[in-house]
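So the structure is just underneath, and the comments pick up after that.
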Amino acid sequence: MKILLINTPRSPYNGILEYASEEAKNFIHKKLIGPPLGLLTLASALKDYDVEVFDTKAEYDINPDAPELEELIKNLITDKNPDIVGTTVITSELYYGKQILRTAKKVNPDITTIIGGQYVTLRLDDCYDKHIDIAIQGHAGQKIIDIVNAKEKKQNFADIPGININNGTHYIKTKGVDKPIDAANNNFIMPDRMLIERWREAYKVKNANKPVTYMFTSLGCPYKCTFCSIWKENNESYYKRNIESIISELKSLDYDIVRFADANTIVDIEYIDALFTRIEEEKIKKDFIMDIRADIAVNNPGLIEKLAKNGLKVVICGFESYKENELKSYNKNSSSTYIQKAIEIFHNNGIMLRGNYVIPTNYTSDDFKAMADYAASHKVAYAGYTILTPMPGTEYYDEVKSNIIDHDLRKYNFFNAVLPTHLPIEEFYKKMSDLWLIRKGKEVI
Ligand code: B12
């Protein structure tokens, strides 16, 4: 039984980049680089089978002349001849996930096609396509084994509880008791990064000469920001991993740069303190990148110092807005008064800071001017300015969905306006792209 897990390519839609000046283009974020952890986790669960992972994002990065997606997948399926093909989707990549599975099915109708990942968990019905046999919501390490076993023994997939089967017009949930999964602890599966070794060179971020990998210390998030889908995707819960499990994963990593894939790495202060005590004791030397909230940094400067001493090099901080009313409407549960103090704490510890702001589409010229003035007086190494986007499955989406003017999900990656803009659209994008010029120094990561 051969299983092929294919990572979706990036969506190329980027309105901010399209209207940017040549100078701004140097700084605008074009792509995030990192491994498909979800697929590597499933592949690990299937270690007793013949399983392969193909990362199309990385493939296009190291081989820009690779054929366009349909051709690439056609060749891949013909070459590998798998029995089962799975893909993973976030909102902006659903279109490509469907295209991958449709192509696989066209090459060989006997292939069982499976879709999973963040967007399936949030919006199952949107993920329907007549060429997709099974859709799985949530963490799927055990379910994927059940599916492979069923296919091998020619058993009915409908007997596997908690999966969704295509009935010709939509997905139907199978009957039976769907056991809860604790993907952070009891059911944690260590992703098998050897399966993407072929693309190692592709996982290098700009200006770094070593590849980066991701790993998580937690799943979910205790905060409930209206524009974020992470807490919705994780049943509004927050799960921490066992510290020794993190230590053993860190020790096993053949990567010097590790980006924590948590929504926020510091939530439980004592826990992260204990984790870094263990990292120090074990003399683990890595460069760490993590997401930390401004209020957490300001309230725990000693912890930031300890983390910096033990490898924390880059922090991504969601500033979101300098306006209290906007932060309140996003349910950020923080204040912009923390921004300046947080910048000082990170910079005093030699940490490179990337501060991210989200810009609503109703910004006027005055709002942009005020935003630019604020950002210019609170410079960080590399500020990011993305568009407040109603991701389906979020509270913000429910709030504004009747106003949405662009329903093409390929544009739902925070770089395109899908709600009406106050300014003419070209001017909005131009002003968005000009914001990216405001940063400290020339170094970007
Ligand atoms: C790692 C990561 C990435 C990686 C890898 C993604 C990939 N597949 O290539 C990289 C760095 C490439 C990436 C890129 C982007 N990302 Co990202 N990313 C993450 C992150 C930090 C962790 C996800 C993760 O690994 N979780 C752990 C694994 C184990 O869980 P999992 O992926 O959910 O997989 C499990 C289940 O979902 C399921 N499953 C998953 N796939 C499949 C497939 C099958 C067949 C089955 C059966 C089951 C299944 O089983 C898995 C194992 O249990 C999340 C934030 C977060 N904390 O969740 C954002 C996140 C998913 N990313 C997000 C975004 C927006 C992006 C970008 C668009 C950002 C940007 N504007 O550039 C880009 C897209 C590409 C680009 N333009 O560069 C958003 C998605 C929001 C949304 N609603 O769409 C998130 C939630 C961040 C956020 N704060 O909003 N990302």
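Points worth noting:
- Of LYS332/LYS401; LYS240/LYS313; LYS98/LYS130, pairs whose Cα-Cα distance is over 18 Å: LYS332/LYS401; LYS240/LYS313
- Out-of-range pairs (alpha-carbon distance over 24 Å; input LYS283/LYS341; LYS2/LYS105; LYS31/LYS379; LYS306/LYS341; LYS30/LYS306): LYS283/LYS341; LYS30/LYS306
- Each peptide in 101-111, 428-438 receives the mean, over its residues, of other Cβ atoms within 10 Å, and ordering these scores from highest gives 428-438, 101-111.
- Between ILE28, TYR128, VAL89, the Cα set farthest toward the positive side of the dipole of region 28-169 (charges on each charged residue's Cβ, about the Cα centre) is that of TYR128.
- Summed over qualifying helices (DSSP H, 4 residues or more, each -39500 (n - 2.57)) and divided by its residue number, the chain shows a 222 nm mean residue ellipticity of -9500 deg cm²/dmol.
- Anchor LYS328: aspartates and glutamates whose Cα lies under 20 Å away (excluding residues fewer than 8 positions away in-chain): GLU236, ASP295, GLU320, ASP367, GLU395, ASP398, GLU399
- A straight chain from ILE404 to GLU426 at 0.36 nm per residue would run longer than the Cα-Cα distance by 6.1 nm.
- Partnerless cysteines, meaning none of the other Cys C-beta atoms lie under 4.7 Å away, in the chain: CYS127, CYS221, CYS317
- Highest mean packing first, where packing is the average number of other Cβ atoms within 10 Å per residue, the peptides 221-232, 20-31 line up as 221-232, 20-31.
- Its Cα centre serving as origin, region 2-173 has a Cβ charge dipole (Lys and Arg +1, Asp and Glu -1) of approximately 460 debye.
- Cα long-axis angle, helix 337-348 against the chain (0 to 90 degrees, to the nearest 10): 80
- Pairs spanning more than 31 Å between alpha-carbon atoms, out of LYS179/LYS285; LYS25/LYS47; LYS175/LYS232; LYS57/LYS179; LYS47/LYS210: LYS179/LYS285; LYS25/LYS47; LYS57/LYS179.
- Lys/Arg +1, Asp/Glu -1 at C-beta; the chain dipole; positive extreme among LEU5, THR386, PHE288: PHE288
- Unit Cα scatterers, Debye sum, the chain: log10 I(q)/I(0) for q = 0.10 Å⁻¹: -0.75
- Estimated FRET transfer efficiency (THR277, MET190; beta-carbon r; R0 30 Å; 0.05): 0.85
- Top positive-direction residue, dipole computed over the chain with Cβ charges, set HIS170, LEU437, TRP231: LEU437
- Packing-based ranking of 323-336, 377-390 yields 377-390, 323-336, ordered from highest to lowest mean Cβ neighbour count within 10 Å.
Bear in mind these aren't lab numbers, they're just calculated from the coordinates by the rules spelled out. None of these values were measured; they are calculated from a predicted model. Cβ atoms come from the backbone with ideal geometry, glycine included; neighbour counts cover every protein chain shown.
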